[in-house]
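The values are calculated or read from the model by the stated rules, or taken from the named source; none is laboratory data. In this text, all values refer to a predicted model and were calculated from it rather than measured experimentally. We place every Cβ from the backbone using ideal geometry, glycine too, and count neighbours over all the protein chains shown.
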Ligand code: E4P
């Protein structure tokens, strides 16, 4: 399961990439609105930072299929081949996905997925990924993890190659549930990366080990002080 960052702040992405095994970055118009200006300025910076091999997901915002297709070509021309164009899983989006599948090698992530049926149709239209919004589904009174698992079952039952990139999480438990069933990828807000491994028991265990080492080796000593 790939881990991606759902954010566009360069310093934040840089710090996370130093610490965590990051496979790419996802953005959406709301995330880009927090940065402002020409969206390609920050997207080019992200591409440069994560490299050509990493996945970058960028959303098309047109409503008509023809315009979505034009936007998709424009986005990939500027940001490179490993850029997934996020297209809402709606009728005009499906039409755009079919056209892109027939006319290009552009990789599509079907976004704003709230139901298994949206995911199934997007997959049949050639989407490489579908992005169920786990927490937003929970907020509607349904079960986002369950919906995502159902999508996985549907893809498998129909021998579809479409992968899942689950999005919109509020806690590590939701992520872990999907990790257990092996979805293709999850994209997480920066806070969630740190929250997932933040636990006073972990810090306390490490502090105890260091104190025990220093008790016989001396203060601030490490293995480097011995041969
Ligand atoms: C992903 O495709 C979505 O843009 C994003 O993850 C939504 O997350 P949110 O529900 O936290 O805004």
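Across segment 37-68, the number of residues qualifying as more than 16 Å from the ligand (Cβ to nearest atom) and either at pLDDT below 95 or out of contact with any helix residue (DSSP H, G or I) (no Cβ under 9 Å at 6 or more places or on another chain) (or both) comes to 7. Scanning segment 4-36 for residues that are within 13 Å of the ligand (Cβ to nearest atom) and either closer than 21 Å to residue 110 by Cα or not assigned by TED's automatic domain parsing to the domain that holds residue 84 (or both) yields a count of 15.
Only helices (runs of 4 or more DSSP H) whose full extent lies in segment 1-76 are considered here, and the ones with at least 3 residues that are more than 18 Å from the chain's Cα centre (by Cα) are 39-50. Taking the conditions (1) touching a residue at least 40 places away in the same chain (Cβ under 8 Å); (2) within 20 Å of residue 132 (Cβ to Cβ) in turn, residue 58 satisfies each one other than (1).
Restricting attention to segment 169-197, the residues that are touching a residue at least 60 places away in the same chain (Cβ under 8 Å) and either more than 13 Å from the ligand (Cβ to nearest atom) or buried (at least 21 other Cβ atoms within 10 Å of the Cβ) (or both) add up to 10. Candidates 140, 223: the one that is more than 16 Å from the ligand (Cβ to nearest atom), exposed (fewer than 13 other Cβ atoms within 10 Å of the Cβ) and farther than 24 Å from residue 24 by Cβ is 223.
Could you tell me which of the residues 108, 147 is touching a strand residue (DSSP E or B) at 6+ places or on another chain (Cβ under 8 Å) and part of a helix (DSSP H, G or I)? Exactly one residue qualifies, and that residue is 147. Give me the residue from segment 150-166 that is within 16 Å of the ligand (Cβ to nearest atom) and either outside any strand (DSSP E or B) or on the phi > 0 side of the Ramachandran plot (or both) and, out of that set, surrounded by the most Cβ atoms within 10 Å (Cβ to Cβ). Among those that are within 16 Å of the ligand (Cβ to nearest atom) and either outside any strand (DSSP E or B) or on the phi > 0 side of the Ramachandran plot (or both), it is 151. Among the residues of segment 116-136, those identified as assigned to a helix (DSSP H, G or I) and under 17 Å from the mean Cα position of the chain (by Cα) are 119, 134, 135, 136.
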